[in-house]
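Shown below is the structure under consideration.
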Amino acid sequence: MSQSQDLPAKKPAPTPKLSQVEGVKQASALLRGSIAETLNSDLVKFTEDEYNLLKFHGTYQGYDRDSATELKQQKAEKKWEFMVRARIPAGRLTSRQYLDLDALADRRANHTIRITTRQAIQFHGVVKSDLKGTIADINATMITTLGACGDVVRNVTAMPAPVRSPVTERLAADAKRISDHLLPHTRAYHEIWLDGEQVLGEPEIEPIYGTTYLPRKFKIGLGVPEDNSVDVLTNDLGIVALYEGDTLVGYNFAVGGGLGMTHNKPKTYPRLASFVAFVEPDDLIKAVEAVVVVQRDHGDRTNRRHARLKYTIDERGLPWFKSEMERVLGRTLEDPRPMPPFQVADHLGWHEQGDGLWYLGLAIPSGRVQDTDTVKLRTALREVATRFQPALVLMPTQDLILADIREEDRAGIERTLRDHGVQFAEELLPVHRWSLACPALPTCGLALTEAERIRTPMIDRIAEVMARYGLAQERLSIRITGCPNGCARPYAGDIGLVGRMPGHFALYVGGDFECTRLNWKLLDRVPEDDVPETLAPLFAEFAAQRDRGGDRGEGFGDFLNRLGVERVTALVKPDGADAGGNAGDLVEAD
Ligand code: SRM
Ligand code: SF4
């Protein structure tokens, strides 16, 4: 008997257990589960399994967090309600569609429309008995909610400028083609929400996704170096189109972007996408599908906090990813081509479209289209859409473009908006124009702090501090989120305020306005009220020491990045305690 035969047999490594959601997807018969039964029952809410499946259909079950504590004290049921998200590739809408969605906000939601950071629309406050009607009504406008959420390719974003050039038109069309190609095929959506007939006998398959779809959400954005409004590198797949004049040369693909992280869990981290390959124009769809398929087959299905493409890339390496893409495509891919540095175009205010028509970019605070006591934004937009019928573009900055406007309609549109108290871009300080905030409380179940509701007062106070140092007109991006998931992309941009615990934010600085570099955590728990004054020494140093060369001088984030973590920390905490660390560095931290 050989020695090896004497040894006890080596135990095979245990097969890692798939996450619970994987089982739910597998057992759901292509996203059906028991949604229809609960929808048509008197039950006040869906089960957790159904909740996970509902996301794929474009809706999240949550509850009103403002009233939750009081209701609990009264031993009453929470106020359950739904967020419904529409999928609008490149954010393009007709006036008719906009007006239908506007009417829906009154009929079935909380009288507001929320433009999202991915050029989509959300309705909040939908009650269960209205859920089916809401989704059906959205579909009646020729817009779907299918795949707006869930483990699939989400709404595809693209440069928002409605300029009539082959560049912008091609990008918007590409976004739609990609979105359509990767839309789930399940007939469950039609059966449940649109009273579609059950088609018996015919095989029903998901040709790209299979029965368990993707390991996690998957995001795709398209931009050009001259306009990175979509923050292309924060996507799982960022596509940068390269042009010579008006001729499309091809696309540089960047993979593995994603921002979600969990406080104190260094294995989770934000990451910007890495350029992996150049793709010829005719190969776009096949190459996108190849990226999705590689992640479908290799993404981590055992741990949802580790299931995004960024982790697959960091663990397997970019060369491995490229070779897998090539294997799926059946041929080699060129390396990414050189391209100019990224810029971000300013689309607010009036611009010529290039075809004799005009577009008007309007700043929408936190993307919330609503009527308040002082500003009747929703009414104004309804009147403009009814009378002048512009095309609309939802922007990845939560703003809105009214497009295809005739010269003779400009004055009327402007008057209508001003009559309702709507401010124009030129009346706003740049820091207001360029700030974003996620919904957070009271609708988001994951929020640790406020975001949208404190955005305006917070930015007002920060603007006052900036003015003290002569920086009132400084272009600066501030992004506020109620938790570390990063929905308003706080880790890309000059300043990020990230909900840390109730009433406290982690402060991130040192990113760049063009979103090509992650910022870093400077302070971990700044009380909400202290945020503006905490920034004061940074603004003072910036005003005194920045490099004034170039068209607009050194940016705030660039300046702090040049100073480095230690010197910037010393400015806010002279004893150097509680320094943060580079968000990018966290990649190495564990
Ligand atoms: Fe987000 C979850 C809102 C863009 C990263 N996001 C959520 C949920 C659905 C909360 C939940 O899961 O219970 C939020 C709904 C709140 C509410 O009350 O409406 C929510 N995310 C939003 C929106 C509406 C924020 C906004 O201010 O517009 C954006 C909707 C986009 C859309 O139309 O599809 C939104 N979310 C983003 C972005 C930015 C982007 O994609 O450009 C990110 C960071 C990029 C990324 O994906 O990494 C983002 N959201 C997350 C995450 C963290 C994902 C992760 O990998 O860890 C979550 C939580 C999760 O998935 O577990 C999340
Ligand atoms: Fe909710 Fe957090 Fe996203 Fe804000 S960042 S919407 S709090 S999940």
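The values are calculated or read from the model by the stated rules, or taken from the named source; none is laboratory data. Please read all numbers here as calculations on a predicted model, not as lab measurements. A quick note on method: Cβ atoms are made from the backbone with ideal geometry, for glycine too, and the neighbour counts reach across all protein chains shown. What goes into the accessible areas is simple: the full protein's heavy atoms, side chains included, and nothing from ligands, DNA or RNA. Shrake-Rupley method; radii C 1.70, N 1.55, O 1.52, S 1.80 Å.
Over all alpha-carbon pairs of the stretch 63-162, lay out the pair-distance distribution in 10 Å bins, whole %, shortest bin first.
15, 43, 28, 11, 3, 0
Okay, next question. Which distance in nm do the two modelled labels at ASP283 and ASP419 give, with both placed 7 Å along the Cα-to-Cβ direction?
5.6
Figure the gain on full extension for GLU226 and SER323 (residue separation times 0.36 nm, minus the Cα-Cα span) and round it to one decimal in nm.
So the chain would gain 32.0 nm between GLU226 and SER323.
Something else now. Return, in residue-number order, each cysteine of the chain whose C-beta is not under 4.7 Å from any other cysteine's C-beta.
Taking the Cβ cut-off of 4.7 Å, the unpaired cysteines of the chain are CYS149, CYS444, CYS483, CYS515.
Would you mind getting me the FRET efficiency between ARG468 and LYS11? Use the beta-carbon distance for r and R0 = 60 Å, nearest 0.05.
FRET efficiency, ARG468 to LYS11: 0.35.
Can you give the FRET efficiency to the nearest 0.05 for THR302 and ALA543, using r as the Cβ-Cβ distance and R₀ = 35 Å?
With R0 = 35 Å, the Cβ-Cβ based efficiency is 0.10.
Related question: Return a whole-number percent for the relative contact order of the stretch 432-572, with Cα pairs under 8 Å and 6 or more residues apart as the contact set.
That works out to 20 percent.
Using only the Cα atoms of the chain, what do you get for the radius of gyration and for Dmax, in Å?
Both quantities, over Cα of the chain: 24.3, 97 Å.
Given contacts defined as C-alpha pairs under 8 Å and at least six residues apart, what's the relative contact order of the chain, whole-number percent?
About 12 percent, as a whole number.
When N counts the residues of the stretch 308-349, how does its alpha-carbon radius of gyration compare numerically with 2.2 N^0.38 Å, as a ratio?
1.74
Which number comes out as Rg/Rh for the stretch 311-395 once both Rg and the Kirkwood Rh are worked out on C-alpha atoms?
Using Cα coordinates only, the ratio equals 1.24.
Let me ask something else. On alpha-carbon atoms, Rg over Rh for the stretch 281-357 using Kirkwood Rh?
Numbers: Rg = 18.2 Å, Rh = 15.7 Å.
Result: Rg/Rh = 1.16.
Here's a follow-up. Using a 1.4 angstrom probe on the protein heavy atoms only, could you order ARG177, ARG32, ARG567 from most to least accessible area?
The residues order as ARG567, ARG177, ARG32, largest area first.
Cα atoms only, the stretch 114-210: Rg and Dmax in Å?
15.7, 48
Moving to a separate point now. Find the percent of Cα-Cα distances in the stretch 338-388 that exceed 19 Å, and round it to a whole number.
Numbers: 610 of 1275 pairs.
Above the 19 Å cut-off, the stretch 338-388 has 48 percent of its Cα pairs.
Same structure again: Among bridges DSSP assigns within the chain, what percent are antiparallel (round to 5)?
Counting DSSP beta bridges with both partners in the chain, the antiparallel share is about 80 percent.
Same structure, new question: Percent of Cα-Cα pairs per 5 Å bin, from 0 to the last occupied bin, for the stretch 14-58, please list those.
Final binned percentages: 5, 22, 30, 20, 12, 7, 3, 2, 1.
Enter the per residue convex hull volume of the stretch 432-572, computed from alpha-carbon coordinates, in Å³ rounded to the nearest integer. Present the calculation step by step, with values, prior to reporting the outcome.
Details: hull volume 13.2 nm³, N = 141.
Per-residue hull volume (Cα only) is 94 Å³.
Let me ask something else. Among the trypsin sites (Lys or Arg not before Pro) in the stretch 229-304, which ones are in a DSSP loop with at most 16 other Cβ atoms within 10 Å of the Cβ? Mind listing them?
In loop regions of the stretch 229-304 (DSSP not H, G, I, E or B), the sparsely surrounded trypsin sites (Lys or Arg not before Pro) are LYS267.
I want to verify the translational diffusion coefficient of the stretch 238-300 in µm²/s; compute it with Stokes-Einstein, Rh as the Kirkwood radius over Cα pairs, at 4 °C and 1.567 mPa s.
Once the numbers are plugged in, D ends up at 96 µm²/s.
Return, for the Cα atoms of the stretch 496-564, the radius of gyration and Dmax in Å, separated by a comma.
For the stretch 496-564, the Cα radius of gyration and maximum Cα-Cα distance read 12.9, 41 Å.
With all pairs of different alpha carbon atoms counted, what Kirkwood hydrodynamic radius in Å does the stretch 1-139 show?
18.1
Another question, if that's okay. Which of the trypsin sites (Lys or Arg not before Pro) across the stretch 308-389 are loop residues per DSSP, with 16 or fewer other Cβ within 10 Å?
ARG331
Okay, moving on. Please report Rg over Rh for the stretch 184-322, where both radii come from the alpha carbon positions and Rh follows the Kirkwood definition.
Details: Rg = 17.5 Å, Rh = 16.7 Å.
For the stretch 184-322, the value is 1.04.
Among the trypsin sites (Lys or Arg not before Pro) in the stretch 399-447, which ones are in a DSSP loop with at most 15 other Cβ atoms within 10 Å of the Cβ? Mind listing them?
Answer by residue number: ARG406.
So what's the convex hull volume per residue for the Cα atoms of the stretch 377-498, in Å³? Show your work: numbers first, answer last.
On the way: hull volume 15.6 nm³, N = 122.
Output value, Cα hull per residue: 128 Å³.
As a check on your grasp of the helix formula, calculate [θ] at 222 nm for the chain: sum -39500 (n - 2.57) over DSSP H runs of n ≥ 4, divide by the residue count, round to the nearest 500.
Details: 20 runs with 196 residues, N = 590.
Taking each H run of at least 4 residues, the total per residue is -9500 deg cm²/dmol.
Related question: All other residues with a Cβ under 12 Å from the Cβ of LEU43 taken together, and with Lys, Arg as +1 and Asp, Glu as -1, what is their net charge?
Value of the local net charge: -2.
Mind checking which of VAL572, CYS515, THR456 is farthest towards the positive end of the stretch 432-572's charge dipole, using Cβ charges of +1 (Lys, Arg) and -1 (Asp, Glu) about the Cα centre?
Checked the options; the winner is CYS515.
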